[in-house]
Amino acid sequence: MEAISRQSGFLRCVAGLTAIVIFLAIPQALTAQETGTVQGTVTQADDGGPLRGVIVSVRGTGISAVTDRDGRYTLNRVPAGPRTIVVRWLGYRTREVAVTVTAGQTATADAALEPQPVTLSEVIVEGVSRAPERVVEAPAAVSVVDPAVARDFAVTGQAPLAVAKLPGSDVVQSGVNDFNVNVRGFNSSLNRRVLVLMDGRDLAIAFLGSQEWPALSASLDDLGRIEMVRGPGSALYGANAFSGVLNITTPTARELVGTKLTLAGGELSTFKGDLRHGGVTPDGRFGYKFNVGYYRSQTWTKSRTAGDALDWQREYADASDSLAPAIIEAAPLAGQSLNPLTRAAAGDPDALQNIYGSGRFDYYADDGSVFSVEGGATRVENETFVTGIGRVQVNRAVRPWARAEWAAPRFNVMAWWSGRNTLDPQISLNADIPLEETSNIIHGEAQVNQEFANGRARLVVGGSARAYLLDTKATLMRAEDDDRSDGYYSGYGQIEVEVSPQVKLVAAGRVDEGTLIDPQFSPKGALVISPTPNHSVRLTINRAFQVPNYSEFFLRVPAGLPANFSLLEAGLRASPLGPVLAGVPDGQLFDNSAAVPVLARGNDALDVEHVTSLEIGYKGQLGRRVFVTIDGFYSRLSDFVTDLLPGVNPTFGAWTAPAAVPEAFRETLEQTVRDQLLAAGQPLAAFGLTRLENGVSAIVVSYANQGKANEYGFELGAGIQATDEVQFDANYTYFKFDVDQESIAAGDLLVPNTPKHRLNLTAAYSGRQGFDFRVSAQIVDSYQWATGIFFGPIPSRQTVDVSAGYQFNPYVRIHAMATNVLDQERYQMYGGSVIGRRFMGGITATY
């Protein structure tokens, strides 16, 4: 009853905040004015060619439009009177056109844009403060993906590659579409330390809390603005914004008017097709867009089932000097069969396949607010993911979603739903068992942004409520823990005060509470000093937390094939302890000594992980063509959730002898069993042998909160616009850490799974003749990896990516992308697949 009362209280708070937002919005929505229309054409100043996709807006209103393929635009319902039309596009000098709008008539405002290097004052971000602000004034380290980079990588269908070259970004790949996106250390096989949002919708899987990147239901070049905010973000975003936030903001329907068809193919027998169509009604009141896509590819992933246990070693032979461990997985990849004599996998694995689609409808109100309803789904097939219990193959699953939003300059009300349904059971390759997940996440949120003190202060206030509905059909959790519903609730706020034109103070805080966690308070404070419009220095301190996922709380799944302790029992019966086992039936010392279960179990007593971080940063534009960022950080992390380890969960204490063993000899027998297992080189069994809740013997690995660590480092970034057509970018990341060894359990290896040094170099050419070219290199230091059952060295790598394209006319573009063009074979995650070269080419037709 107490939990129900607490949930109801938070729901009332969110409902009350929503009512306040609607009340504030009513005066705007009901304001009626005489209006007219503004039309025009946007062209290039040098040759008069039309510019497509340029944003045109009416200053002081929320009214905007985007130019079509002929450079034309229409602004409907513009309030009558003198107006300023703002024409803005990155890479061109912003133009302002004065026009007088007469009620019921059409005014013309043409603009010719002059190319110029992007200036810092023109880059706007929203992910740092949940409201638009210039990147130079943002109170956090933040980088924006160049739209040209997203366009180049769109042909691959691999969204994380677009952020892999940003300062501080740590993207590791396993398989074609299995990625972990992280910043600032302590990566994992299922990374959850960077919160990934698309239009405010959390893209994580309910059970694991991590990303399923193949499930994106849109082409990468249609995702819009992609921002990577580095550093703890729980003060505004709550749980799992532990190390950063990847914030994706997609375009409205009126920003994607027209039809676009992309067809692509390449190595690994890859084929990709995407069709998108958008439009606006003649009066500009309604907009819509739809897209469908199909993706098919072979995989780098290989089976590891051979009876000689050397498949993994053979797979890694050319990728590392270190010898991979001997291991036998129980199941091959989908589409393959096992040789009955050698257990080697035969045949080709089934191809990876994704089918996706989505639709969006917008209503554009006179006051500039936008009402949106959208939804979609993706079906994913045959991708293999590295998890803490081993590799898991998703045979067939569907990810549906829906979202509704009312967005205006001063408020936002939003609700979304995200689901995941297993159509065919996913398979644990290590234990050959089927796993299922049917889950739904339902989220509601309201936020108000209000300026006051003549624009010198801004307040952001919001609240949210979220429900997780999860059922694994007892394949991943015990029946008594399964088919569950859990709630999370929050309230947050941030205030920014301009002390002077050069100094801004920021304070933020958020309270989160939920069914599975105690209340958490996440504060943030920042000082931003901007001596000139294009230079700033900031100092930030904040605190964040990460909630254990459902696997860490409630997991119950075989972690491998059962252990055979028959020889151990026989040896004990032949030893001087044999007489004390007279009352124990043969083969029953460990209940079923020939098949002792090996289980991975969760720990429902886990606490959240915490981080407190101090950061200092500089952003500046030197002249017209050089942009520099410098960010340093020091963080204190505590209460890590350990990897799956034996003996750390007090629920599963040391194994006890059967009741039939005389009391006087029980302790001696228990110690002898442990000693024998250690002598046989089986420490996991020695420390993990226990009894389950029903008294049955088993080997259990589980989780606990342990460990403290300090991490510190810096991130340097520089961009040079050598000419209007040639640009160079470079960034370097240095990372260091210290672990309090006394705070971790024996047998645990706490490492950040992050290289000490990382360097990215990029050169790009974009000519007005329609040709563009980009080459980038990434140099990554070697480092140690340890997550779950996988621990070993990651070799250094030096990879080169190349892309090129040619725009024949406003309608047709051909393009090509080669990742790891030198074909340097490396694995980036221990236990993951070896990544090779991939070449893709395609054609895009736009009408």
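The values are calculated or read from the model by the stated rules, or taken from the named source; none is laboratory data. For clarity, every value in this text was computed on a predicted model and none was experimentally measured. Neighbour counts are summed over all protein chains in view; Cβ atoms, including those assigned to glycine, are modelled from backbone coordinates with ideal geometry. We work out accessible area using only protein heavy atoms, side chains counted, and drop any ligands, DNA or RNA first. Shrake-Rupley method; radii C 1.70, N 1.55, O 1.52, S 1.80 Å.
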Members of region 446-462 that are in contact (Cβ under 8 Å) with a residue 24 or more places away in the chain, more than 14 Å from residue 414 (Cβ to Cβ) and assigned to a strand (DSSP E or B): 450, 457, 458, 459, 460, 461
Out of (1) among the hydrophobic types (A, V, I, L, M, F, W, C); (2) buried (at least 24 other Cβ atoms within 10 Å of the Cβ); (3) not in a strand (DSSP E or B), the one residue 268 does not meet is (2)
Restricted to region 559-573, and to residues that are open to solvent by 30 Å² or more (accessible area, probe 1.4 Å) and part of a loop (DSSP other than H, G, I, E, B), which residue is farthest from residue 478 (Cα to Cα)? 564
Suppose we filter region 364-379 for residues that are modelled with pLDDT under 95 and closer than 30 Å to residue 832 by Cβ; how many remain? 0
Inside region 705-733, can you point out the residues that are open to solvent by 50 Å² or more (accessible area, probe 1.4 Å), hydroxyl-bearing (Ser, Thr, Tyr) and at pLDDT 90 or above? 712, 732
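Matching residues to (1) open to solvent by less than 20 Å² (accessible area, probe 1.4 Å); (2) of a type in the set (Phe, Trp, Tyr):
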| site | (1), (2) |
| --- | --- |
| 505 | no, no |
| 521 | no, yes |
| 532 | no, no |
| 552 | no, no |
| 557 | yes, no |
| 575 | no, no |
| 587 | no, no |
| 590 | yes, yes |
| 606 | yes, no |
Please specify each residue of region 281-299 satisfying the condition of being touching a residue at least 60 places away in the same chain (Cβ under 8 Å) and not polar (S, T, N, Q). 283, 284, 285, 286, 287, 288, 289, 290, 292, 293, 294, 295
Would region 98-116 turn up any residue that is of a type in the set (D, E, K, R) and within 26 Å of residue 407 (Cβ to Cβ)? no
Just for region 130-149: of the residues that are of a type in the set (A, V, I, L, M, F, W, C) and either at pLDDT below 90 or more than 21 Å from residue 201 (Cα to Cα) (or both), which one is surrounded by the most Cβ atoms within 10 Å (Cβ to Cβ)? 141
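Can you tell which of 633, 640 is at pLDDT 95 or above, in contact with a Leu (Cβ under 9 Å, 6 or more places away or on another chain) and aromatic (Phe, Trp, Tyr)?
It is 633.
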Being touching a strand residue (DSSP E or B) at 6+ places or on another chain (Cβ under 8 Å), on the phi > 0 side of the Ramachandran plot and touching a residue at least 12 places away in the same chain (Cβ under 8 Å), is that true of even one residue in region 751-766? yes
For residues that are in a strand (DSSP E or B) and hydroxyl-bearing (Ser, Thr, Tyr), scanning just region 610-658, find the one that is farthest from the chain's Cα centre (by Cα). 618
Which one is surrounded by the most Cβ atoms within 10 Å (Cβ to Cβ), of the residues in region 665-704 that are assigned to a helix (DSSP H, G or I) and of a type in the set (Asp, Glu)? 670
Tell me the residue from 404, 465 that is in a strand (DSSP E or B), touching a Leu at 6+ places or on another chain (Cβ under 6 Å) and touching a residue at least 24 places away in the same chain (Cβ under 8 Å), please. 465
Out of region 473-487, which residues are in a loop (DSSP other than H, G, I, E, B), in contact with a Leu (Cβ under 8 Å, 6 or more places away or on another chain) and over 20 Å from residue 389 (Cα atoms)? 483
All-but-one check, residue 185 against (1) farther than 22 Å from residue 617 by Cβ; (2) in contact with a Gly (Cβ under 9 Å, 6 or more places away or on another chain), failing number (1)
Name the residues in region 29-87 that are surrounded by fewer than 16 Cβ atoms within 10 Å (Cβ to Cβ), part of a loop (DSSP other than H, G, I, E, B) and either of a type in the set (Phe, Trp, Tyr) or at positive phi (or both), would you? 48, 60
Restricting region 413-459 to residues that are among the aromatic types (Phe, Trp, Tyr) and open to solvent by 20 Å² or more (accessible area, probe 1.4 Å), which is nearest to residue 206 (Cα to Cα)? 417
Among the residues of region 244-265, count how many are in a loop (DSSP other than H, G, I, E, B) and open to solvent by less than 10 Å² (accessible area, probe 1.4 Å). 0
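Working carefully through the options 181, 171, 155, 142, find the one that is among the β-branched types (Val, Ile, Thr) and within 26 Å of residue 275 (Cβ to Cβ).
Working: 181 fails: within 26 Å of residue 275 (Cβ to Cβ); 171 fails: within 26 Å of residue 275 (Cβ to Cβ); 142 fails: within 26 Å of residue 275 (Cβ to Cβ).
Result of the check over 181, 171, 155, 142: 155.
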